[in-house]
């Protein structure tokens with residue numbers, strides 16, 4: 001199925017600018033996403049993976065030092081699972097680390113070492 005893990009392809013993480021070719025992914029992030037896939041037994045779609053500096057600057061609401069620019073973040077949708085359930089799972093599984101953000105229709109996860117939580121719905 002995937003070319004970098006059981007369920008994911010590198011291209012899914014590629015910057016959406018279409019010009020820079022930035023398509024890296026942090027191994028820890030990939031492990032978390034595989035865990036989400038297995039936990040919910042459902043496909044996980046990456047709605048935003050990497051962002052080059054330029055694309056990040058053009059993304060409304062993006063933090064200037066976004067984990068997306070470091071290949072350490074993904075905004076995801078889990079098929080047939082409400083984003084709140086995904087965020088609840090991630091917050092419970094990783095209570096003292098990682099960034100988990102709640103958005104309309106998607107969940108943000110990043111693998112920063114410190115805990116961060118936000119709700120932008």
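Side notes on the structure shown:
- Enumeration of residues in region 69-86 that are crowded, with 20+ Cβ neighbours inside 10 Å and either part of a strand (DSSP E or B) or without any contact (Cβ under 8 Å) to a residue 24 or more places away in the chain (or both): 69, 73, 74, 76, 78
- Some residue of region 90-105 being in contact (Cβ under 8 Å) with a residue 24 or more places away in the chain, touching a helix residue (DSSP H, G or I) at 6+ places or on another chain (Cβ under 6 Å), at negative phi and surrounded by 13 or more Cβ atoms within 10 Å (Cβ to Cβ): no
- The listed residue being modelled with pLDDT under 95 and either in contact with a strand residue (DSSP E or B) (Cβ under 8 Å, 6 or more places away or on another chain) or part of a strand (DSSP E or B) (or both), out of 102, 112, 117, 121: 121
- Of residues in region 8-56 being under 18 Å from residue 88 (Cα atoms) and in contact (Cβ under 8 Å) with a residue 60 or more places away in the chain, the one surrounded by the most Cβ atoms within 10 Å (Cβ to Cβ): 33
- All positions within region 1-52 that are in contact with a strand residue (DSSP E or B) (Cβ under 6 Å, 6 or more places away or on another chain), part of a loop (DSSP other than H, G, I, E, B) and closer than 19 Å to residue 67 by Cβ: 49
The values are calculated or read from the model by the stated rules, or taken from the named source; none is laboratory data. Just so it is clear, the model here is predicted, and its values are computed rather than measured. Positions of Cβ are generated from backbone atoms using ideal geometry, with glycine treated the same way; all protein chains shown enter the neighbour counts.
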